[in-house]
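K.L.:
One structure, as structure tokens, below. Some questions next.
All of the numbers you see were taken from the coordinates with simple rules; none came from a lab. These figures come from a predicted structure and were not determined experimentally. In this analysis, Cβ positions are derived from the backbone assuming ideal geometry, glycine residues included, and neighbour counts consider all displayed protein chains.
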Amino acid sequence: MIVYVESNFILELAYLQEQQESCRATVELAEAGSIRLVLPAFSISEPYESFVRRYKERRALLDRLQREIRELSRSQPYTGVPEESAAITATFVRSLEEEKERLDEVTLRILRCAESIPTTADVLARAIEFQRGLIRSPQDAIVYASVLSHLERAGPAEKCFLNRNAGDFADPDVEETLTKHRCKLLARFDHGLGYIRSQMASR
């Protein structure tokens, strides 16, 4: 069985979000050779762009917080605030470091057990066309074009495409095209794991 995933699958694991256990179990199935895990190469780099944005936003918030603390501590009643808030600022810094470490670890783990779909000129050209009617987001269009390019040469195997947001690919034509290629669209990773297990049990 071929299981397609995208960048949110990586982020779910790296940021320890609510469906991380389902994602981890899916990766373990791929590592065991029970499924073929496939993702667009674009979806490997995209989480790092997300991390950079997250990092900049958190650093800006931390810098502003530290400035406010310094200003507040100039007032006699609040001279102890810097010491009292040290744990909070340290947590901010540590969280950024830990998230980057987890992102690296998760990405390397997935790269070792998954197949990546190259972002070719044809994929990019199709993504531009898809933005004119099917999918507005350039990122989602590239993901869809990548998955479709793989589906067209993947043969008759059962397939599913797992993503985090139902709205990203919620177009009847998209679902119809995926269905023609025997690929089921699932908008939750836990639902995806349940579907994978049901298909494995029915073999």
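K.L.:
Might you report the magnitude of the Cβ-based charge dipole of the chain about its Cα centre, with Lys and Arg at +1 and Asp and Glu at -1, to the nearest 20 debye?
P.N.:
For this selection, approximately 120 debye.
K.L.:
Once both axes come from the Cα atoms, what is the angle between helix 86-113 and the longest principal axis of the chain, in degrees from 0 to 90, rounded to 10?
P.N.:
Between the helix axis and the principal axis of the chain, the angle is about 20 degrees.
K.L.:
Could you list which residues have their amide H under 5 Å from that of Val38, counting only those 5 or more apart in sequence or on another chain, with H placed in the peptide plane?
P.N.:
Amide H neighbours of Val38: Val3, Tyr4, Val5, Glu115.
K.L.:
So, in nm, how far is label Arg94 from label Leu65 when the simple model puts each one 7 Å beyond its Cα toward the Cβ?
P.N.:
Output for this residue pair reads 1.3 nm.
K.L.:
At a threshold of 8 angstrom on Cα-Cα distance, excluding pairs fewer than six apart, so keeping six or more, what relative contact order does region 112-203 reach in percent?
P.N.:
24
K.L.:
May I have the pair-distance distribution P(r) for region 12-58, computed from all Cα-Cα distances with 10 Å bins from 0 and rounded to whole percent?
P.N.:
Values per bin, smallest distances first: 23, 42, 29, 6.
K.L.:
Still on this structure: Just want to confirm a number: the relative contact order over the chain, from Cα pairs under 8 angstrom separated by 6+ residues, in percent.
P.N.:
Reported as a whole number, the value is 29 percent.
K.L.:
Whole-Hz ³J(HN,Hα) for each residue in region 40-51, computed from phi via Karplus 6.51 cos²θ - 1.76 cosθ + 1.60 with θ = phi - 60°, x for glycine and proline: what do you get?
P.N.:
x, 4, 4, 6, 7, 7, 4, x, 6, 5, 5, 5
K.L.:
Another question, then. Cα centroid distance between region 146-194 and region 1-45, in Å?
P.N.:
Computed from Cα coordinates, the inter-centre distance equals 14 Å.
K.L.:
Could you work out the relative contact order of region 1-109? I mean the mean sequence separation of Cα pairs under 8 Å and 6+ apart, divided by the number of residues, in percent.
P.N.:
Rounded, it is 34 percent for region 1-109.
K.L.:
If we count other beta carbons within 10 Å of each Cβ, what is the order of His191, His181, fewest first?
P.N.:
His191, His181
K.L.:
Okay, next question. With labels modelled as points extended 7 Å from the Cα through the Cβ direction, what inter-label distance (nm, one decimal) is found for Arg153 paired with Ala41?
P.N.:
Roughly 1.2 nm, to one decimal.
K.L.:
So for region 13-114, Kirkwood radius off the Cα pairs, Stokes-Einstein at 20 °C and 1.002 mPa s: how many µm² s⁻¹?
P.N.:
132
K.L.:
Per residue of region 117-122, what does 6.51 cos²θ - 1.76 cosθ + 1.60 with θ = phi - 60° give for ³J(HN,Hα)? Whole Hz please, x for Gly and Pro, Karplus curve as stated.
P.N.:
Computed from phi, the couplings for region 117-122 are 9, x, 8, 8, 4, 5 Hz.
K.L.:
Return the long-range amide H neighbours of Leu185 (sequence gap of 5 or more, or a different chain), with a cut-off of under 5 Å between placed amide H atoms.
P.N.:
Residues meeting the amide H criterion: Phe161.
K.L.:
Next question. Of Ser149, Asn165, Thr119, whose Cα points farthest to the positive end of the dipole of region 67-203 (charges on the beta-carbon: +1 Lys, Arg; -1 Asp, Glu; origin at the Cα centre)?
P.N.:
Going by the Cα projections, it comes out as Ser149.
K.L.:
Another question about this same structure. Once semi-axes √(5λ) of the Cα gyration tensor in Å is worked out from the coordinates, which option in [x] 23, 21, 16; [y] 33, 19, 16; [z] 40, 20, 14 does it equal?
P.N.:
Of the labelled values, this structure produces [z].
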